[in-house]
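Everything below concerns the one structure shown next.
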Amino acid sequence: MGFVVVPATLPDIRAIYDVWFAAFKGQLILDLIYPGTDLNDEAFRKVHTEGTLEYWKGLSMEHTFQCIDTDTGKIAGMATWQVYWRERTTEERQKPWIGWLEGEQRERAEGFWGQLWEKREKWIGPKRHVYCHTVAVHPDYQGRGIGAQLMQWGMNMAEQLNLPIYLESTVEGVPLYQKLGFQTLSEGILFKPEITRVEKEVRAPLLVKMPTAAGNTTFEEWAEDNNSSVN
């Protein structure tokens, strides 16, 4: 039959993050936030699921979706969107912290997330916008248009609200976003080896998509304007 994107519910947490962990297996992000962890360990996954459950209970602006293979019932992909139809509060703009790590591991992870936070603060600040927090497609389903389907909800919401979309990407993810009409900002993020603890610099492109109502207004012009609407 195909695939369908639906909102995720609390009982879906474990299966959704099965997909997330599989999609990012071997990538820097997992080594940063769960260094030296056996991601298949049942005790770890139990704690992770319980922690995510508590996190979800406190959310008001974040929405998680799952793409389901209607032939098998398996989750093919997941995405998390933050929709700021109002300005972000001071609490929502706090610099991220990684409370489950200590010492050098925590310093490393927070150094990474801190750079992402700094760029978002520079470009967005308190402004109303739509933020794509993550998109993950299970390796078994990659190359089948799942990522584009997961992006559609956020793009529709941004159009409805006349707000720009902002996201950070891996270099490998850029082609997907460009096909969907996103533009790469000239100023991305370059993570130095002293932060990532890997041998080479790691680049994280920043991508944006303006709503149709913006006309010829660029994201940079929007970011400089004190008015957060493009109506």
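Every number here is computed from the coordinates shown, using simple stated rules; none is lab data. Computed from a prediction, not measured in an experiment: that's the story for all the values here. Please note: Cβ atoms are built from the backbone with ideal geometry, for glycine as well, and neighbour counts cover all protein chains shown.
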> From Cα coordinates alone, what are the radius of gyration and Dmax values for segment 86-125 in angstrom?
Replying inline: 11.6, 37
> Which order results if Leu180, Leu190, Leu32 are arranged by neighbouring Cβ count within 10 Å, fewest first?
Replying inline: Leu190, Leu180, Leu32
> What 222 nm value per residue comes from the helices of the chain, counting each DSSP H run with n ≥ 4 as -39,500 (n - 2.57) and dividing by all residues, nearest 500 deg cm²/dmol?
Replying inline: -11000 deg cm²/dmol
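What list do you get for Val202, Val47, Val130, Val208 if you sort them by fewest beta carbons within 10 Å? Before the final figure, lay out each step's value.
Values: Val202 16, Val47 12, Val130 25, Val208 21.
Placing the least packed residue first, the sequence is Val47, Val202, Val208, Val130.
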> With point charges of +1 on the Cβ of Lys and Arg and -1 on the Cβ of Asp and Glu, referenced to the Cα centre of segment 113-231, which listed residue (Ile195, Ala136, Gly173) lies farthest in the positive direction of the dipole?
Replying inline: Ala136
>> Taking the Cα centroid of segment 173-209 and of segment 63-141, what is the distance between the two, rounded to the nearest whole Å?
In response: 15
> With contacts defined as alpha carbon pairs under 8 Å and 6 or more residues apart, what's the relative contact order of segment 1-132 in percent?
Replying inline: 29
> Sorted from fewest to most neighbouring beta carbons within 10 Å, what does the list Arg14, Arg120 look like?
Replying inline: Arg14, Arg120
> Under 15 Å from a point 7 Å along the Cα-to-Cβ line of Glu159: which residues of segment 176-197 have their amide N that close?
Replying inline: 180-182
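Which value, in debye to the nearest 20, gives the size of the charge dipole of segment 31-80 about its Cα centre, when Lys and Arg are +1 and Asp and Glu are -1 at the Cβ?
Using only the charged Cβ atoms, the result is roughly 160 debye.
With charges only on Cβ, +1 for K and R and -1 for D and E, what is the dipole size of segment 3-164 about its Cα centre, in debye, rounded to 20?
Dipole of segment 3-164, to the nearest 20 debye: 580 debye.
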>> Could you give me D for the chain, from Stokes-Einstein at 25 °C and 0.890 mPa s, where the hydrodynamic radius is the Kirkwood radius over C-alpha pairs? Units µm² s⁻¹, please.
In response: 131
